[in-house]
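These notes are about the structure you will find just below.
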Amino acid sequence: MIRRTLLAIGLTVASTAPAFAHLDPEEHGSFMAGFSHPLFGLDHILVMVAVGLWAAQIGGRALQAVPAAFVAMMAAGFGLAVAGLPLPFVEPVILASVVALGLLVAIAARLDVALSAVIVAVFALFHGHAHGGELGVAGAMPFAAGFVVATALLHGAGIALGLGIGIGRIAGGGTLTRILGGATALAGMALAFG
């Protein structure tokens with residue numbers, strides 16, 4: 001049990017370490033440029049992991065439905081940006097998503113799965129739009145596939161971490177998950193006002 005928890009924590013840390021900046025699509029390919037994109041911004045990392053943590057707290061169908069709603073609506077937001085359709089307040093909503101999702105984890109909000117999916121989907125629309133706005137010379141479909149895969153992996157890391165520490169396998173695991181949520185919200189505030 002402890003080994004699984006340590007593995008989940010290690011995978012989370014490894015998956016969230018922004019070891020490289022946005023990659024040049026001409027040098028590395030559009031898929032890798034897209035894959036690196038969510039790993040470069042702390043706001044994206046915090047939200048993606050928080051979605052997984054929250055899904056783990058809710059449990060059941062939320063383990064698939066909440067991350068899937070995020071990924072699907074993020075792709076839709078990307079499509080809006082690529083099509084040239086503006087979306088107001090993209091950066092403020094992204095920062096608000098860090099705070100809000102951190103708080104939802106901190107208070108261990110166990111909302112209806114459909115409502116939880118809608119909440120993350122609204123935020124995901126803005127995250128996807130930001131990805132589309134930074135497409136540059138990358139090919140749209142490979143770039144999108146790259147950031148979708150990276151996002152799903154970050155969600156998976158959050159779920160693994162949440163399940164590893166949140167079910168009581170470690171004394172105080174639920175409390176630790178809530179502390180991580182609070183730290184995420186505080187980091188979001190620091191990003192917003194820093």
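The values are calculated or read from the model by the stated rules, or taken from the named source; none is laboratory data. Being a predicted model, the structure only gives us computed values, none of them experimental. For neighbour counting, all protein chains shown are included, and Cβ atoms are generated from backbone atoms with ideal geometry for every residue, glycine included.
Here is a yes/no grid of residues against (1) out of contact with any Phe, Trp or Tyr (no Cβ under 8 Å at 6 or more places or on another chain); (2) more than 14 Å from residue 51 (Cα to Cα):
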site: 108; (1), (2): yes, no
site: 120; (1), (2): no, no
site: 132; (1), (2): no, yes
site: 149; (1), (2): no, yes
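Tell me which residues, restricted to region 29-50, are assigned to a helix (DSSP H, G or I) and without any contact (Cβ under 8 Å) to a residue 24 or more places away in the chain.
Selection gives 40 alone.
Determine whether residue 67 is without any contact (Cβ under 8 Å) to a residue 60 or more places away in the chain and either over 20 Å from residue 42 (Cβ atoms) or assigned to a helix (DSSP H, G or I) (or both).
For residue 67, the condition - without any contact (Cβ under 8 Å) to a residue 60 or more places away in the chain and either over 20 Å from residue 42 (Cβ atoms) or assigned to a helix (DSSP H, G or I) (or both) - is not met.
Give just the number: which of (1) surrounded by fewer than 23 Cβ atoms within 10 Å (Cβ to Cβ); (2) over 22 Å from residue 149 (Cβ atoms); (3) not hydrophobic (A, V, I, L, M, F, W, C) does residue 102 not satisfy?
Unmet for residue 102, out of (1) surrounded by fewer than 23 Cβ atoms within 10 Å (Cβ to Cβ); (2) over 22 Å from residue 149 (Cβ atoms); (3) not hydrophobic (A, V, I, L, M, F, W, C): (1).
Residues being outside any helix (DSSP H, G or I) and within 11 Å of the chain's Cα centre (by Cα): count how many of those fall in region 70-84.
Residues meeting the conditions: 0.
Check residue 111 against each of (1) touching a Ser or Thr at 6+ places or on another chain (Cβ under 9 Å); (2) without any contact (Cβ under 8 Å) to a residue 60 or more places away in the chain and name the one condition it does not meet.
Here residue 111 meets the rest and fails (1).
Sort out which residues of region 151-162 are surrounded by fewer than 24 Cβ atoms within 10 Å (Cβ to Cβ) and within 10 Å of the chain's Cα centre (by Cα), and write them in order of number.
Answer for region 151-162, where residues must be surrounded by fewer than 24 Cβ atoms within 10 Å (Cβ to Cβ) and within 10 Å of the chain's Cα centre (by Cα): 152, 153, 156.
Among the residues of region 9-63, write down those that are more than 12 Å from the chain's Cα centre (by Cα), modelled with pLDDT of 85 or more and under 21 Å from residue 178 (Cβ atoms).
56, 57, 58, 59, 60, 62, 63
Which condition does residue 73 not pass, out of (1) out of contact with any Phe, Trp or Tyr (no Cβ under 7 Å at 6 or more places or on another chain); (2) in contact (Cβ under 8 Å) with a residue 60 or more places away in the chain; (3) aliphatic (A, V, I, L, M), if it passes all the others?
Evaluating residue 73 over (1) out of contact with any Phe, Trp or Tyr (no Cβ under 7 Å at 6 or more places or on another chain); (2) in contact (Cβ under 8 Å) with a residue 60 or more places away in the chain; (3) aliphatic (A, V, I, L, M) leaves (2) as the failure.
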